[in-house]
1. Go through segment 4-61 and name the trypsin sites (Lys or Arg not before Pro) that are in a DSSP coil and have 15 or fewer other Cβ atoms within 10 Å of their Cβ.
2. Compute and list, largest first, the equivalent-ellipsoid semi-axes of segment 72-129 from the alpha carbon gyration tensor, each √(5λ) rounded to a whole angstrom.
3. How large is ³J(HN,Hα), in whole Hz, for each residue of segment 78-94 in order, when computed from phi with the Karplus curve 6.51 cos²θ - 1.76 cosθ + 1.60 and θ = phi - 60°, using x for Gly and Pro?
4. Out of residues 5 or more away from Cys113 or on other chains, whose amide H comes under 5 Å of its own, with H placed 1.01 Å from N in the peptide plane?
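Derivation of every value follows stated rules applied to the coordinates shown; laboratory data play no part. In this text the structure is predicted, and so the values were computed from the model without any measurement. Ideal geometry is used to build each Cβ from the backbone, glycine not excepted, and the neighbour counts take in all protein chains shown.
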Amino acid sequence: MRTLVLNAGFEPLAVVSFKRALVLVMNEKATVVVADSENPVCGSSGEYDRPSVIVLTRYVRIPSTRLIPVSRRGVLRRDGQRCGYCGGTANTIDHVMPRSRGGADSWENLVACCLHCNNKKGDRTPHEMGWSLRVHPRPPYGTSWLVRGVERALPQWEEYLASAA
């Protein structure tokens, strides 16, 4: 079970285990905002509601410009697991401008790609192949990209993630 951590301004910061969240609450460093009372945590000193959303008692500022690191998983997620060339199911990524020609490992140069299109394209550009991109590769944005672990958000987190977007 995971717990969403908010700063004092109710901005999402991170996702932690419920054990870590419980320790923060017990040490009075955080307060429970939403708890899962149906699945309590049993300890030697009693039973506690399992925290689902907590807020830190001290204000933690979120840097305004956080760079989102490029990853294979991130590119596939950004493009909805769809090939940037044919629209089929993507299981790999492709450099629009091949690395051998100076293409960078950046959000703007990577697209999700199916294995067939990736092998067919090889070391060429989409223009040389007569192909066009179905998506315009760009860096992802929004709270769910800034907060680690939010790609699998729980329903009770939605209002806190939507307000920060």
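1. Numbers: sites: Lys19, Arg20, Lys29, Arg58, Arg61; in loops: Lys29, Arg58, Arg61.
Answer in residue order: Lys29, Arg58, Arg61.
2. Details: eigenvalues 57, 37, 13 Å².
After diagonalising the Cα gyration tensor, the semi-axes are 17, 14, 8 Å.
3. Per-residue couplings from phi come out as 4, 8, x, 6, 10, 5, x, 9, 10, x, x, 6, 8, 9, 8, 10, 9 Hz.
4. Under 5 Å from the amide H of Cys113: Gly84, Asn91, Thr92, Ile93, Asp94.
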